[in-house]
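Heads up, the thing below is written out as structure tokens.
The values are calculated or read from the model by the stated rules, or taken from the named source; none is laboratory data. Predicted, not measured: the structure shown is a model, and the values here were computed from it. Reconstructed Cβ throughout: ideal geometry from the backbone, glycine too, with neighbour counts over all protein chains shown.
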């Protein structure tokens, strides 16, 4: 991903960057660059998928699939995953906490919002299973129904969720994204303290809905 400017980050962001147990560090990177991260990850992720402890239940909306649309400000930065497929945009003054082969985390200048993006290696997983795993990584509870969406050649589910990170009451949007006819699987989190959710919601949605596959 293209880098933004570095700066010191809040404790919550550091926790987010390293808390992704089943959706981050144990997956291969799906990148053309050869790395030593491709181990027996499919076996690992399959085991995790089958464990009830690693999948959070959520209610699906009966509404038709939503088409993602976001009017991205011209001064935002487009970020591209290292496999070159998944893109989303964020304000250009957001700062980086983590930027690895399969995970990227950044936070707003005032440290009231952040985003974490993960490349998920198990290409057999469905978009609803992926969302359940993403919620379970932080043990967040869905805040309302999850709605299905479609955008170009990807589809998945999006839900708001609430939980606790490092003693902080947090709200986040969680998106699962699966490539139709391909092997790309991705998770995008956009988060803020619950007390700031109403103020930051519009920006968070713009980040989330800017996601697409090339």
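Some values worked out for this structure:
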| quantity | calculated |
| --- | --- |
| Test for residue 61: is it at negative phi, surrounded by fewer than 18 Cβ atoms within 10 Å (Cβ to Cβ), in contact (Cβ under 8 Å) with a residue 40 or more places away in the chain and in contact with a strand residue (DSSP E or B) (Cβ under 9 Å, 6 or more places away or on another chain) | yes |
| Residue that is surrounded by fewer than 22 Cβ atoms within 10 Å (Cβ to Cβ), free of Cβ contacts under 8 Å to residues at least 40 places away in the same chain and in contact with a helix residue (DSSP H, G or I) (Cβ under 9 Å, 6 or more places away or on another chain), where the choices are 163, 181 | 163 |
| Set 174, 190: member being in contact (Cβ under 8 Å) with a residue 24 or more places away in the chain, within 11 Å of the chain's Cα centre (by Cα), buried (at least 18 other Cβ atoms within 10 Å of the Cβ) and under 20 Å from residue 63 (Cβ atoms) | 174 |
| Any hit, region 27-42, residues being surrounded by 21 or more Cβ atoms within 10 Å (Cβ to Cβ), at pLDDT 80 or above and not in a strand (DSSP E or B) | no |
| Search result, residues across region 120-143 that are touching a residue at least 60 places away in the same chain (Cβ under 8 Å), over 14 Å from the mean Cα position of the chain (by Cα) and under 18 Å from residue 194 (Cβ atoms) | 139, 141, 142 |
